[in-house]
Structures are given as structure tokens and as C-alpha cells.
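Working notes, beginning with the structure itself.
The values are calculated or read from the model by the stated rules, or taken from the named source; none is laboratory data. If you're wondering where the values come from, they're calculated on a predicted model, not measured in any experiment. With ideal geometry, Cβ positions are generated from the backbone for all residues, glycine too; neighbour counts draw on all protein chains shown.
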Amino acid sequence: MTQKVLFVCTHNAARSQMAEGYLNARYGDCYTAFSAGTVPEVLNPYAVRAMSEIGVDISGQRSKDIAEFDEQEMDYLVAVCEGGLCPLFPWAKEEIHKEFPDPSKLTGTDEEIMAGVRRIRDEIGSWIDETFGKR
């Protein structure tokens, strides 16, 4: 039986979506990942492109409100917001807070923004490998 992981961020548009896709693609035999936010917005197209570059398709994922997961037990809640602004989730056995930069705050040309999103994607992937690859 796989362990359930809920990645949470305010908008559920990029960081939590990339984490959900990465964990399911890389460690789906051990974990089932979900993501949600307190103020869901449309999926960030840069996040979709960045994940596609590493062979992970998140284009079919959608932003979800954390209320969709009310009273659903999770093994892990992973809050990926900056500044401790993520909600608490009382149905998680273990809570982890790991901040990643917000891709929506990146500015510049298309390529500069993509470079920033790639860095964030790689940070998320490395952290997931280190954290969940050893459990």
C-alpha cells in the first residue's frame, strides 16, 4: 500500500503541482501524491513546460482547493510556500515545511522565466529524491 502525500501551497499552480507530478512519476510505487491550495489558480504554463522537459506530464493536473481533502488522512503534508503562509492540515500524520521560491514572482524574458522555473523544478526534484527516495 502506498503512502499518501499532500503538497500544499497557496495557489496550487506551480510548486505543489511540480512536486505532485515528480513524486508520482519517480516514486509512484511507494507514494501517491496530491496537491492543493488555499486560493487555487490556473496551472502555471511554465511549470507544465519545465516538467515536460524532464519527461513528467502534469498538463492533465488541475488546481484544487485544500477543502477537497478535508478529513482525508494523509501520511505526509508538505507545505512548499515561502514565509510560512501555508495552512495546517490536521489529518496528516507528519507535517513537513520546505520552502521553495514562487515561480509566479519571476520576471524577465520568456527564457529568463523558464530558467528560473527550471531551477525551482530541480530544487524540488532533488529535495524529493533526498526526502522520499530514502524512506
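List of remarks:
- Residues of segment 79-94 classified as buried (at least 16 other Cβ atoms within 10 Å of the Cβ) and either modelled with pLDDT of 95 or more or more than 19 Å from Glu41 (Cα to Cα) (or both), total: 2
- In segment 108-135, the residue that is surrounded by the fewest Cβ atoms within 10 Å (Cβ to Cβ) out of those that are more than 19 Å from Val48 (Cβ to Cβ) and without any contact (Cβ under 8 Å) to a residue 60 or more places away in the chain is Lys134.
- Any hit, segment 17-32, residues being β-branched (Val, Ile, Thr) and closer than 20 Å to Arg119 by Cβ: no
- Yes/no for Ser126 being in a helix (DSSP H, G or I) and under 14 Å from the mean Cα position of the chain (by Cα): yes
- Within segment 11-25, being surrounded by fewer than 23 Cβ atoms within 10 Å (Cβ to Cβ) and touching a residue at least 12 places away in the same chain (Cβ under 8 Å) holds for His11, Ala25.
- Top-ranked residue in segment 32-43 [being hydroxyl-bearing (Ser, Thr, Tyr) and surrounded by fewer than 19 Cβ atoms within 10 Å (Cβ to Cβ); ranked as farthest from Asp65 (Cα to Cα)]: Thr32
- Within segment 87-105, being touching a helix residue (DSSP H, G or I) at 6+ places or on another chain (Cβ under 8 Å) and either of a type outside the set (A, V, I, L, M, F, W, C) or touching a residue at least 24 places away in the same chain (Cβ under 8 Å) (or both) holds for Pro87, Phe89, Ile96, Lys98, Phe100, Pro101, Asp102, Pro103.
- Put simply, of Ser63, Ser59 the only residue that is closer than 15 Å to Ala13 by Cα, in contact with a Gly (Cβ under 9 Å, 6 or more places away or on another chain) and surrounded by 11 or more Cβ atoms within 10 Å (Cβ to Cβ) is Ser63.
- Residues (of a type in the set (A, V, I, L, M, F, W, C) and touching a residue at least 60 places away in the same chain (Cβ under 8 Å)) located in segment 26-65: Cys30, Ala47, Ala50, Met51, Ile54
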